[in-house]
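Participant: Quick one: this structure, given as structure tokens, is what I'll be asking you about.
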Amino acid sequence: MVAVMDENSALQEQEQPTGATGTGGSVGTGSGTGPAGTSGQTVVTCATAAGIAVGVFDTILKNTTLAQFIKTIYHDLCTTGLLNVTMNQTVTLSFCLPQKAHQFHKKGMAVEPETIDRCLESLKPYHGMLLLVDPSELFDCVPPSGANMLLQLIEVYNPLKSLQNMASDAELLIDHVYQLVGHLVYWAKATIIYPLCETNVYVIAPDAQLNIHSNLSDKFATKFPGMSLFEVISDFSLPTSIGHLTTPLQHPARQGRLAQMVLWMLQHHLLMQLHTYVQFVANLDGIEEDEFGGAAAGRCSSDRAHALHALYGSSAPSASSSQPLAVPTGGNRKHSLSEDRYSDSLSALLTTAASVTSNTRPSSASHRSNISHSSVGGLQTASSTDNDESIASIDDDDKLKRLLAAFPEPDRKAVARIPAASNPEDLALMVRLWKAGYFKGEHHLEEIMYFENLRRSQLLQLVDKFREVLIIYETEDPAIASLYSDQPAE
């Protein structure tokens, strides 16, 4: 490259004296013509220099491998934003321009590196991964040192699995999986999702490319013959779960087809998942219900019933019922057991008396004596059972007081008047999650389920029992929503 440039410079120096003499004669001869002659000479000189420069670059590209690599780099960055070339069969250059690379899936939208970093910093083991390209295209963006780990991850890849499950199946550390997934997300080869399941709630993304000039409708029809993108996505105009779009009577193949269509729409950023968050709000107005009437409580009950309907759908508890789910309390269970125990002892007593009467027929005095002693024994048994109940109830009361002491005074009063607060197990779970900070509207149900090892049904029952102080709402996961940018590319 340097030799060609030097040779071109030498040729220009050789031609310069001749050009200068010719120019002088022209100026002297054409002095009467004025500035027009000088302007014409300047244009000719610039055009000649440009032609020489183009010829030099063409010569360099033809004879120099390095120049060809530089041209390839420039072309790839301008078109795809991705670069993966090998120089001299030894040095591999890989580079990604995310503002350009992510436009392949979201045309006209810019995703800044800072946005991707925020997403990856919020990555949790319960998140999942969704590939945006064919697995064979993934190895172009990974250096040879990481190719083996990536191959292990791809072999167990499934959008229905969490990152934790894939790490376990691939026998990789979760930190290594984070690094691989983060690399793929940065290179626009994958995106972050929550593992696909029937309870997932989706809605049309705010930046979905559904205008009349978009070619996504044709792509969808090619991928799923006989199906219309606009007809399918219209089911998600309002937040809808996959379970609401399927029935147990449907053929499994049809359910699988719906799952594939949802994945396709997620790959093209047409859908966004919503999660249920829980916020603790003490209903202090209800404490003064006797003074101000029950209007405020009625409005609160109606609002909460509407929120529960959004969560449960058609199976939401009746708004007219202010009681939690029917779960027997600890005191009732103990009372029932004591009654059964007393009934059993009484039955045994009667059976024994009848047996003695029929077989031995003692005198009336001894008969009365037996009954008297047996009655005393039965009364002693009932008395001991009552003592056990009173001791257990005292222990429960002390436990409830200790649990309620975790709340500040105003919140304590609001929680204490809820019927479910009289159940030590329910109140213990409520206090445990409240202390952990899960009821500040910053953690969705799936996150609580993962870190606290709880089932969804347990959480939903707890929210229902303490609905007087727990408010629920649906919104997107910030870790995933950060990739749904509405900032247009410049």
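The values are calculated or read from the model by the stated rules, or taken from the named source; none is laboratory data. Small disclaimer: the values here were computed from a predicted structure and weren't measured. Every residue, glycine as well, gets a Cβ built from its backbone with ideal geometry; the counts of neighbours run over all protein chains shown. Calculation scope for accessible area: heavy atoms of the full protein, side chains included, ligands and nucleic acids excluded. Shrake-Rupley method; radii C 1.70, N 1.55, O 1.52, S 1.80 Å.
Participant: Just to verify a number: what accessible area does HIS75 come out at with the full protein assembly present, 1.4 Å probe, Å² rounded to tens?
Facilitator: 110 Å²
Participant: Mind checking the per residue accessible area of the range 397-483 for me, 1.4 Å probe, whole number of Å²?
Facilitator: Accessible surface, normalised per residue, equals 46 Å².
Participant: Next up: Ignoring ligands, DNA and RNA, please state the percent of accessible area on the range 397-483 from carbon and sulfur, probe 1.4 Å.
Facilitator: Ligands and nucleic acids excluded, carbon and sulfur reach 50 percent.
Participant: Could you please put LYS62, LYS223, LYS161, LYS399 in sequence from largest to smallest accessible area, using a 1.4 Å probe?
Facilitator: LYS62, LYS223, LYS399, LYS161
Participant: While we're looking at this one, here's another question. Quote the accessible area belonging to HIS127 in square angstrom, nearest 10, computed with a 1.4 Å probe and with ligands, DNA and RNA left uncounted.
Facilitator: Using a 1.4 Å probe on the heavy atoms, I get roughly 0 Å².
Participant: Please calculate the 1.4 Å probe accessible area of ASP6, with all protein chains present, and give it to the nearest 10 Å².
Facilitator: The accessible area of ASP6 comes to roughly 90 Å².
Participant: With a Förster radius of 45 Å, plug the Cβ-Cβ distance of PHE57 and ALA428 into 1/(1 + (r/R0)^6) and report the FRET value to the nearest 0.05.
Facilitator: With R0 = 45 Å, the Cβ-Cβ based efficiency is 0.05.
Participant: Accessible area of the range 107-193 with a 1.4 Å probe: how many percent of it is carbon plus sulfur?
Facilitator: On the range 107-193, the fraction of accessible area on carbon and sulfur atoms equals 51 percent.
Participant: Can you give the local net charge around THR246? Use residues other than it whose beta-carbon is closer than 15 angstrom to its beta-carbon, Lys and Arg +1, Asp and Glu -1.
Facilitator: 0
Participant: Given a cut-off of 16 Å, what percent of all Cα-Cα pairs of the range 75-144 lie beyond it?
Facilitator: Percent of Cα pairs beyond 16 Å in the range 75-144: 62.
Participant: Sticking with this structure for a sec: Please tell me which of these pairs span more than 29 angstrom C-alpha to C-alpha: LYS189/LYS223; LYS399/LYS440; LYS71/LYS223?
Facilitator: As for pairs spanning more than 29 Å Cα to Cα, those are LYS71/LYS223.
Participant: Also, I was wondering about something else. Can you tell me how much longer the chain between PHE230 and ALA253 gets when fully stretched, taken as 0.36 nm per residue apart minus their C-alpha distance, in nm with one decimal?
Facilitator: Gain on extension, PHE230 to ALA253, equals 6.1 nm.
Participant: Now a separate question. In what order, largest first, do TYR178, TYR202 sit by accessible area if the probe radius is 1.4 Å?
Facilitator: So, going from the largest accessible area down, we get TYR178, TYR202.
Participant: Report the one residue of LEU132, GLN164, PRO144 whose Cα lies farthest in the direction of the positive end of the charge dipole of the range 102-207 (charges on C-beta: Lys and Arg +1, Asp and Glu -1; origin at the Cα centre).
Facilitator: LEU132
Participant: Between LEU66 and ARG455, what is the FRET efficiency for a Förster distance of 56 Å, r being their Cβ-Cβ separation, to the nearest 0.05?
Facilitator: 0.35
Participant: Let me check something: with ligands and nucleic acids excluded, how do ARG257, ARG455 order by accessible area (1.4 Å probe), largest to smallest?
Facilitator: Per-residue accessible area, sorted high to low, gives ARG455, ARG257.
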